[in-house]
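As structure tokens, the structure follows; a few thoughts come after it.
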Amino acid sequence: MERGRLPAASRDTIPAMREPAAGRHDADPTERLVFRRGKLRKREDDEVRMMREALAHLGDTPRVKRILLELSRFYNPVAHGPVVGPDTRRAVISCLEAADLAGAAAVLEAHLAEYLKMDEARGTP
């Protein structure tokens, strides 16, 4: 046997790949994907998840305040600033303190839509 070569029997025992290395064929072509930590992953930002959580719990003002504070600590490289700026945060909190849930929802939804649009614009050449 030559040095560095495996015997024919051991080469045949390696199982064949079930799908091509390029990716899954059943993947949704509209699914937003991003390359993170060496793998192609589904694009669902923590920021987007947190904004949706805040929208879902507008009745819980302390929880929304904590979420908005956390979002103000995340950096948005496209806007060169925080994901949720102080003006947006103050507007949402003032609406919540005035018991204007619809107003707070409108501000958050507009900010989320702008954030997603900004993200899509960055992804397309």
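Bear in mind that the values in this text are calculations on the coordinates, not laboratory data. What you see is a predicted model; the values in this text were computed from it and never measured. Neighbour counts are summed over all protein chains in view; Cβ atoms, including those assigned to glycine, are modelled from backbone coordinates with ideal geometry.
Report the Stokes-Einstein translational diffusion coefficient (µm² s⁻¹, integer) for segment 45-123, Rh taken as the Kirkwood radius over Cα pairs, at 25 °C with viscosity 0.890 mPa s.
Here the translational diffusion coefficient equals 197 µm²/s.
Which parts of segment 82-121 would a label at Leu55 reach, counting a residue when its backbone N lies under 12 Å from a point 7 Å out along Cα-to-Cβ?
105-117, by backbone N distance to the label point.
What length, rounded to one decimal in nm, is gained on full extension from Ala79 through to Lys65, with 0.36 nm per residue of separation minus their alpha-carbon distance?
Values: separation 14, 0.36 × 14 = 5.04 nm, distance 2.20 nm.
Here the answer is 2.8 nm.
Assign unit charges at the C-beta atoms only (+1 for Lys and Arg, -1 for Asp and Glu), then state the dipole size of segment 45-123 relative to its Cα centre in Debye, rounded to the nearest 20. Could you put the intermediate results ahead of the total?
Working: 10 positive and 13 negative charges, 37 e Å.
Dipole about the Cα centre, nearest 20: 180 debye.
Amide H of Asn76: which non-local residues (sequence gap of 5 or more, or other chain) have their own amide H closer than 5 Å, using H built in the peptide plane?
Gly81, Val83
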